[in-house]
Amino acid sequence: MRLISPEKAGFVPDLPHRIEALVRRGGAPALHGVVVARHGAVVLEWYGAGEDHVLNTPLGHVDFGPDTPHDMRSVTKSLVALLYGLALEAGLVPEPGEPILTVFPEYADLAADPRRAGLTIGHALTMTMGLDWDESAPYTSPANSEIAMEMAPDRRRYVLERPFVEEPGERWRYSGGAAALVGAIVEEGTGLRLEEFARTTLFEPLGAGAFEWSAGSDGRALAASGLRLTPRGLARVGQAVLDREIVPGWIGEMLRPRVTAWEGVSYGYMWYVGPGARATAIGNGGQRLFLLPDLDLVVAVTAGDYDGPGQDTAPRAILENVVLPAIT
């Protein structure tokens, strides 16, 4: 993506200084990086420093820059939905309305339950599987369903055999297990590891730069939280989604509101959708990818407030207190 001045993109010229001022007064705790793009061009890049982790492994103090990869945490889920769309366009995976268990014939015992056999890929994409799942505990605790899944001998079976707590399709229930299943469906359909399919169909074609993908104990990419990208790379993917540069029909479906996540915010296919077709990918610690089509604006934020109660503070302040007020 080319670089242009804030003024040429319709911002006040002191946009970079506004971010610096926000950080100095403590308004963006644990902020690590920001990339703002408008009209297809990068307007601003800002990088800080601080303590960081790769999932639960400390990295110590890191000085961040344009080429420093960063955990995306659950932003990973939104990109996995995009990878599913790429595989769907290529005819390699079933449609969202198809039953999940048809992809995994090894779980014939689970498919013998008619209710479980009725679970669809769409239920996973919208996190409305109706299965017991709770990620309210810290992501270091086996009381957290995602961590329990990672500790299980078979991640896929662990998710698919959870007890039902409501009818599928009724209610949104945040679930890293749903994302793990979608990632597995992509791998089964393409015959490639998730990271390899991502490299050849998404990151390299878009010029998103280097990436990493943390793996679980089974050696497979963590589809719920393992992706590591630079803020530049994240913004580049966001621009491609905003512009419908790839799989435009799927992106329209992916970003269509389908179920209520919380008041004023809907959920599409692993993306949060707000008023005005604005879409957001959200990750633990303050990772955000904001897409604002009405303003032709992309904002990528990385931060290190993992599991913190105020982890929404930095990305919200960047968008609402700095970037949006700076548009002329």
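The values are calculated or read from the model by the stated rules, or taken from the named source; none is laboratory data. This one's a predicted model, so the numbers in the text were calculated from it and none came from an experiment. When we count neighbours, we look across all protein chains shown, and the Cβ atoms used for this are built from the backbone with ideal geometry, even at glycine.
Could you identify the single residue in GLY308, GLY286, GLY304 that is more than 18 Å from LEU82 (Cα to Cα) and under 12 Å from the mean Cα position of the chain (by Cα)?
After applying the criteria, what remains is GLY286.
Would you check which residues across region 34-45 are surrounded by fewer than 24 Cβ atoms within 10 Å (Cβ to Cβ), more than 14 Å from LEU291 (Cα to Cα) and touching a helix residue (DSSP H, G or I) at 6+ places or on another chain (Cβ under 6 Å) and list them?
Correct list: LEU44 only.
Can you tell me which residue is nearest to VAL265 (Cα to Cα) among those in region 99-143 that are among the polar types (S, T, N, Q) and more than 19 Å from the chain's Cα centre (by Cα)?
Step one: list which residues in region 99-143 are among the polar types (S, T, N, Q), which gives 102, 120, 126, 128, 136, 140-141.
Then keep just the ones that are more than 19 Å from the chain's Cα centre (by Cα); that gives 102, 120, 140-141.
On the way: THR102: 32, THR120: 23, THR140: 28, SER141: 28 Å.
Here the answer is THR120.
Taking the residues in region 275-328 that are among the charged types (D, E, K, R), in a loop (DSSP other than H, G, I, E, B) and modelled with pLDDT of 95 or more as candidates, determine which candidate is nearest to ALA30 (Cα to Cα).
Pass one, region 275-328, residues among the charged types (D, E, K, R): 278, 288, 294, 296, 305, 307, 312, 316, 320.
Still in the running and in a loop (DSSP other than H, G, I, E, B): 278, 296, 305, 307, 312.
The next check asks that each one be modelled with pLDDT of 95 or more; those that pass are 278, 296, 305, 312.
On the way: ARG278: 25, ASP296: 27, ASP305: 6, ASP312: 11 Å.
Out of the qualifying residues, it is ASP305.
Which of the residues spanning region 131-144 are touching a Lys or Arg at 6+ places or on another chain (Cβ under 8 Å) and either hydrophobic (A, V, I, L, M, F, W, C) or within 21 Å of GLY283 (Cα to Cα) (or both)? Working first, answer last.
At the first step, the residues of region 131-144 found to be touching a Lys or Arg at 6+ places or on another chain (Cβ under 8 Å) are 131-133.
Correct list: LEU131, TRP133.
Tell me whether region 244-263 contains one or more residues that are touching a Leu at 6+ places or on another chain (Cβ under 7 Å), at pLDDT 95 or above and more than 19 Å from GLY91 (Cβ to Cβ).
Checked region 244-263: no residue is touching a Leu at 6+ places or on another chain (Cβ under 7 Å), at pLDDT 95 or above and more than 19 Å from GLY91 (Cβ to Cβ).
Do you know which residues across region 212-260 are within 30 Å of ARG2 (Cβ to Cβ) and among the basic types (Lys, Arg)?
Scanning region 212-260 gives ARG228, ARG232, ARG236, ARG244.
Does region 205-213 include one or more residues that are part of a strand (DSSP E or B) and touching a Leu at 6+ places or on another chain (Cβ under 9 Å)? Reasoning before the result, please.
Residues of region 205-213 part of a strand (DSSP E or B): 212-213.
Filter once more, so that each one left must be touching a Leu at 6+ places or on another chain (Cβ under 9 Å): 212-213.
Within region 205-213, one or more residues are part of a strand (DSSP E or B) and touching a Leu at 6+ places or on another chain (Cβ under 9 Å).
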